[in-house]
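S.K.: Just dropping this structure here.
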Amino acid sequence: MQLLVSVRGPADARAALIGGADVIDAKDPRRGALGAVSPVALAAIRRAVGSARPVSAALGDAATEPAVARRARAAARHGLAFVKVGFAGVRSEARVRGLAAAARRGAGTGARLVLVAYADWGRIGSLAPERLVAAAAEVGAAGVLLDTAQKPASLFALEPPDVVAAWVAGAHEAGLFAALAGGLADADLATARELGADVVGVRGAACIGGRLGRVAPERVATLLALARATSGPPVGALPLHPLRLS
């Protein structure tokens, strides 16, 4: 299982690299679960990481096709591996498909698309996670992420492990990689591994001072060890299902 660490700026990115994170994710936690960093911050993060690791970026929740296409196009210019898009307030599967297709067109052939489902989807008027998997497969996304929109609610407090396991299996059956995030702590990484997740995403657990604090290399290293604490292919052969992250 690979470890994704969300960073606010270049200092966080360097700390995540020192700690050994597999994917560096540009995200501003002050702006919500999928808060986008500024263009200046994204460029600085990309320079700090260089070619050492794949870089992904949160683009926020999609509202209109032109807007999400512009955001994806602007982010993809920085040579990203992935862009992540959510759909808070969008209950229609057809509408999600339209917005996701616009994001994919904007990202072009460089950055791959990850659609974000929310475990607390009923509270925020979003699409149910299993329906979002179907939409992701239809538009040609690379993967899906199950997260929480409202912090500090944790993923496994909102959805029991057996439900999350079924969602992960459904994503794999659809040819997508499956990522989990949402207030995950050290002990949750073992659960995520056991459920078959390809990627686990963290922010607060990697920081000193919570999600709005600073990423600490020693925290990242601890989380990486927990993500790797399983018998299986060596680093570089992950994820375990056929779609590679990098």
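S.K.: Out of the residues in region 127-153 meeting the condition of being over 17 Å from the mean Cα position of the chain (by Cα) and not hydrophobic (A, V, I, L, M, F, W, C), tell me which one is surrounded by the most Cβ atoms within 10 Å (Cβ to Cβ).
M.R.: Across region 127-153, the extreme among qualifying residues is Arg131.
S.K.: If the requirement is being touching a Pro at 6+ places or on another chain (Cβ under 7 Å) and in contact (Cβ under 8 Å) with a residue 24 or more places away in the chain, which of these qualifies: Ile18, Ile24?
M.R.: Unique residue meeting the criteria: Ile18.
S.K.: Assess whether Glu138 counts as being farther than 20 Å from Ala33 by Cβ and without any contact (Cβ under 8 Å) to a residue 24 or more places away in the chain. Break it down stepwise before answering.
M.R.: Details: farther than 20 Å from Ala33 by Cβ: yes; without any contact (Cβ under 8 Å) to a residue 24 or more places away in the chain: no.
Criteria not met by Glu138.
S.K.: Return the residue satisfying two criteria in turn: it lies in region 81-92 and is without any contact (Cβ under 8 Å) to a residue 40 or more places away in the chain and touching a strand residue (DSSP E or B) at 6+ places or on another chain (Cβ under 9 Å), and of such residues it is surrounded by the most Cβ atoms within 10 Å (Cβ to Cβ).
M.R.: Val83
S.K.: Now for a separate question. All but one of (1) touching a Ser or Thr at 6+ places or on another chain (Cβ under 6 Å); (2) surrounded by fewer than 17 Cβ atoms within 10 Å (Cβ to Cβ) hold for Pro54; which doesn't?
M.R.: Checking Pro54 against (1) touching a Ser or Thr at 6+ places or on another chain (Cβ under 6 Å); (2) surrounded by fewer than 17 Cβ atoms within 10 Å (Cβ to Cβ), the one that fails is (2).
S.K.: Being buried (at least 19 other Cβ atoms within 10 Å of the Cβ), modelled with pLDDT under 95 and either under 22 Å from Glu218 (Cα atoms) or not charged (D, E, K, R) (or both) narrows it down to one residue among Ala15, Ala62, Ala33; which is it?
M.R.: Ala33
S.K.: Determine which member of the set Arg105, Arg112, Arg95 is surrounded by fewer than 24 Cβ atoms within 10 Å (Cβ to Cβ), under 14 Å from the mean Cα position of the chain (by Cα) and more than 16 Å from Gly183 (Cβ to Cβ). I'd like the intermediate steps shown before the answer.
M.R.: Values: Arg105 fails: under 14 Å from the mean Cα position of the chain (by Cα); Arg95 fails: under 14 Å from the mean Cα position of the chain (by Cα).
None of the other options fit; the residue is Arg112.
S.K.: Related question: Could you give every pair whose Cβ atoms fall below 8 Å, whose first residue belongs to region 52-69 and is under 25 Å from Val23 (Cβ atoms), and whose second residue is assigned to a strand (DSSP E or B) and of a type in the set (D, E, K, R), counting only separations of at least 6 or pairs across chains?
M.R.: If the second residue must be assigned to a strand (DSSP E or B) and of a type in the set (D, E, K, R), the pairs left are Val55/Asp25; Ser56/Asp25; Ser56/Lys84; Ala57/Asp25; Ala57/Lys84; Ala58/Asp25; Ala58/Lys84; Leu59/Lys84.
S.K.: If you check Ala135, Ala169, which single one turns out to be out of contact with any helix residue (DSSP H, G or I) (no Cβ under 9 Å at 6 or more places or on another chain), over 19 Å from Ala57 (Cα atoms) and of a type in the set (A, V, I, L, M)? So that I can check it myself, show each step before the final result.
M.R.: Numbers: Ala135 fails: out of contact with any helix residue (DSSP H, G or I) (no Cβ under 9 Å at 6 or more places or on another chain).
Just a single option satisfies the conditions, and that option is Ala169.
The values are calculated or read from the model by the stated rules, or taken from the named source; none is laboratory data. As the structure is a prediction and not an experimental result, all values here were calculated from the model. When we count neighbours, we look across all protein chains shown, and the Cβ atoms used for this are built from the backbone with ideal geometry, even at glycine.
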